[in-house]
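Read through the structure below, which is laid out as structure tokens, and then see the notes.
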């Protein structure tokens, strides 16, 4: 009798849980080892808890194995950004075409649901409270420890996938010890703190639930995404220190109150008890982690373990899910010849990981600063009109990243070229008055001859 193919996944997060379903579909017996307790049995958050935004890449990966609809049950569509200015005035900016949306999902809820899916559709066995101490990369042996009993043991497998997050134990304890392994970890100057804006007393939403709310303030910003129960998960991104407005200055209830009253007055009206809730969630950091190669021997890094990014394009989870689709495609292409699969995965996916990290940083400046800028809004209006007239000539960068499966590296390059074209368009005489004229569209057509979508 042929021995059943086996795979071990370290980490029962979003990516590990989805990858279990893919592997099971290919006939693998999957075992997952998770460092934390089972989040479905305890009221604990799934690590960092910024709400997540699911978009086309994520849905593509989920739907490919028939589990997308189970996630749709807990997802709230957001069709655009709602900007809140200092006076509380609102400006709405649609994300894409009328029916295009990104979807808000609670990290804890989607993680719990993905674990259910891994067990149900992936027939995976998940072991909790198990730390990975080390991995023998070439032999496929994971050295594990039960953090409750202290028992240490090892498991050998045909393949090991490390989907254990930005601070991956597999990467840190094993891959980073390799000769010529490249690794960098860069913290940005800003941190974030989560705030839960409760539902109205009658259970209704205090703001439009189908928008991503942004309070852009130049050097920092507050965002809010809706939850199913009428509440919003809000996140303040701001410098840790050395700035006029920074977290180290919000060190008393009075300081917190004054800050929100002055800087986010409409938010303060909705949540006058903000100072009491300020300490409910910890102040957290934001890092970009790059490494290479992503594979060695029988082991591959996936998701944040390979390409952790900052959350400003809402693509971290989508990119991790896309890793699953990419690996799956390579499994078919190379008929499960894993050395070939791993080699191509590492080489072709790495530029996309890097591009997403660059895109995410660029989009931070867009969200906290430019979205409130009339010139930026005019650029977007011109792009949207041209894209509607010539859809095969122009797809705005945001749509390439969010509403397509175009490779991140390709989208990033195309976005830079489009930016140069838009710089020229914005220099046309009286563009503010004439933006809707045919000559503007003709000039864009001339400049974008090389594009084909």
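The values are calculated or read from the model by the stated rules, or taken from the named source; none is laboratory data. The structure displayed is predicted, hence computed values, not measured ones. Heads up, the Cβs are rebuilt from the backbone with ideal geometry, glycines too, and the neighbour counts pull from every protein chain shown.
When segment 412-448 is examined, which residues are found to be surrounded by fewer than 11 Cβ atoms within 10 Å (Cβ to Cβ) and touching a residue at least 40 places away in the same chain (Cβ under 8 Å)? 432, 436, listed by residue number. Selection of segment 163-179 for residues being touching a helix residue (DSSP H, G or I) at 6+ places or on another chain (Cβ under 8 Å) and within 11 Å of residue 137 (Cα to Cα) yields 170, 171.
For residue 249, indicate whether it is more than 19 Å from residue 192 (Cα to Cα) and over 18 Å from the mean Cα position of the chain (by Cα). Considered against the rule, which asks whether it is more than 19 Å from residue 192 (Cα to Cα) and over 18 Å from the mean Cα position of the chain (by Cα), residue 249 comes out as no.
Condition (residue is crowded, with 18+ Cβ neighbours inside 10 Å, in a loop (DSSP other than H, G, I, E, B), assigned by TED's automatic domain parsing to the domain that holds residue 308 and in contact with a helix residue (DSSP H, G or I) (Cβ under 6 Å, 6 or more places away or on another chain)) applied to segment 245-265: is it met by at least one residue? No: segment 245-265 contains no residue that is crowded, with 18+ Cβ neighbours inside 10 Å, in a loop (DSSP other than H, G, I, E, B), assigned by TED's automatic domain parsing to the domain that holds residue 308 and in contact with a helix residue (DSSP H, G or I) (Cβ under 6 Å, 6 or more places away or on another chain). For the subset of segment 332-351 comprising residues that are surrounded by fewer than 20 Cβ atoms within 10 Å (Cβ to Cβ) and in contact with a helix residue (DSSP H, G or I) (Cβ under 6 Å, 6 or more places away or on another chain), which member is farthest from residue 397 (Cα to Cα)? Step by step, filter segment 332-351, then rank; the result is 334.
Restricting segment 296-318 to residues that are assigned to a helix (DSSP H, G or I) and over 10 Å from the mean Cα position of the chain (by Cα), the residue that is surrounded by the fewest Cβ atoms within 10 Å (Cβ to Cβ) is 307.
Of the helices (runs of 4 or more DSSP H) lying entirely inside segment 363-453, those containing at least 1 residues that are within 31 Å of the chain's Cα centre (by Cα) span 374-389, 397-402, 408-426. The lone criterion from (1) out of contact with any helix residue (DSSP H, G or I) (no Cβ under 9 Å at 6 or more places or on another chain); (2) within 28 Å of residue 101 (Cα to Cα); (3) free of Cβ contacts under 8 Å to residues at least 40 places away in the same chain left unmet by residue 326 is number (1). Per the conditions (1) within 19 Å of the chain's Cα centre (by Cα); (2) within 30 Å of residue 298 (Cα to Cα); (3) surrounded by fewer than 20 Cβ atoms within 10 Å (Cβ to Cβ), the sole criterion not satisfied by residue 77 is (2). Selection over segment 135-144 of residues that are surrounded by fewer than 16 Cβ atoms within 10 Å (Cβ to Cβ) and part of a strand (DSSP E or B) gives a count of 0. Give the residue that is farthest from the chain's Cα centre (by Cα), with candidates limited to residues of segment 80-105 that are within 25 Å of residue 260 (Cβ to Cβ) and not in a strand (DSSP E or B). Here the residue is 87. The number of residues in segment 372-405 that are closer than 20 Å to residue 309 by Cβ and buried (at least 16 other Cβ atoms within 10 Å of the Cβ) comes to 8.
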